[in-house]
Amino acid sequence: MIELKEVEKKFGTKVAVDKISLKFEGGFIAITGRSGSGKSTLLKMTGLMQTPTSGSVLFDGKDVWALKERERNLLRSSSLGFVFQDYSLEPNYTVAENVELPLLIAGMKREERRKRVEECLSFIGMAEMKRQKAHTLSGGEMQRVAIARAIANNPAHLLADEPCGNLDKENGDNIINLFRTLADEGVTVLMVTHNAEDAKKTDRVISLLDGRVISDERL
Ligand SMILES: Nc1ncnc2c1ncn2[C@@H]1O[C@H](COP(=O)(O)OP(=O)(O)OP(=O)(O)O)[C@@H](O)[C@H]1O
Ligand SMILES: [Mg+2]
């Protein structure tokens, strides 16, 4: 469980996130709001990629910014997965190598890695394409590989910033369906989106305006 307590982020005099308190306790959650409302900043602070100016971020009750850097890095790599709009795959690595990367970093043994990569690739429906180089994939395929890579380490939370932003409707729906399956399996999926249709397919919609939560609706 992730809890934000009075979390604030300032850039100079600009308040990007204005003392937001929220709890993320599972399910498929959408964060919406117009451009500049603070969605990405909120997601980055939730994912420990950005330090709040004030307030605290609690993981299972632990204040993560009070931990030692090593412990925080461990928490980040073991309990968080990220998916971005631009996929950020290693272009010259194959599909399988991209998914294997976080497992290598985590020190998983070769046989176990092979199995987990297979599982993740079949989850995204790309087992047959495992030897294809990432730069030769379509946008929809790249995004599915990015999801497989993000969930390889079995994180409890999957954070996604406009994951369907560069995709057509069919490919976008595909990604939403994968997120739905993960959420039903117990992963907390937090997705920033501009798309009202996509937000409707989640369990909870949090809307931001000028760095504040203006509504938090359970669907
Ligand atoms: N690194 C930064 N330095 C200065 N200002 C920043 C920085 N990051 C974000 N901001 C400002 O904080 C505000 C919120 O930005 P943020 O990226 O969180 O918005 P957003 O809701 O994700 O917008 P979009 O929908 O366009 O992605 C904006 O006014 C932005 O200009
Ligand atoms: Mg953004």
Task: Calculated FRET value between Ser35 and Glu90, using beta carbons and R₀ = 41 Å, to 0.05 - done: 0.90
TODO: Quick one: go through region 83-116 and flag any residue whose amide nitrogen is under 19 Å from the point 7 Å out along the Cα-to-Cβ line of Asn154.
DONE: 99-116
- [ ] Please identify the longest segment of the chain free of exposed trypsin sites (Lys or Arg not before Pro), where exposed means a DSSP state other than H, G, I, E or B and no more than 13 other Cβ atoms within 10 Å.
- [x] 132-219
Open item on the list: I want to check the label-to-label distance for Ser56 and Glu185. Put each point 7 Å from Cα in the C-beta direction and report it in nm to one decimal.
Closed with: 3.3
TODO: Taking DSSP loops as anything outside H, G, I, E and B, show the longest stretch in the chain free of GluC sites (Glu not before Pro) there with at most 15 other beta carbons within 10 Å.
DONE: 26-184
Task: Accessible surface, the chain, averaged per residue in Å² (probe 1.4 Å) - done: 50
- [ ] For region 42-117, with all protein chains present and a 1.4 Å probe, just round the carbon and sulfur fraction of the accessible area to a whole percent.
- [x] 51
Task: Net length gained if the chain between Ser21 and Ser122 were fully extended (0.36 nm per residue, minus Cα distance) - done: 32.6 nm
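The values are calculated or read from the model by the stated rules, or taken from the named source; none is laboratory data. Quick caveat: nothing in here was measured; it's all calculated off a predicted structure. Using ideal geometry, Cβ is built from the backbone for each residue, glycine included, and neighbour counts are taken over all protein chains shown. Each accessible area value is taken on the protein alone, full model and side chains, heavy atoms only, with ligands, DNA and RNA left out. Shrake-Rupley method; radii C 1.70, N 1.55, O 1.52, S 1.80 Å.
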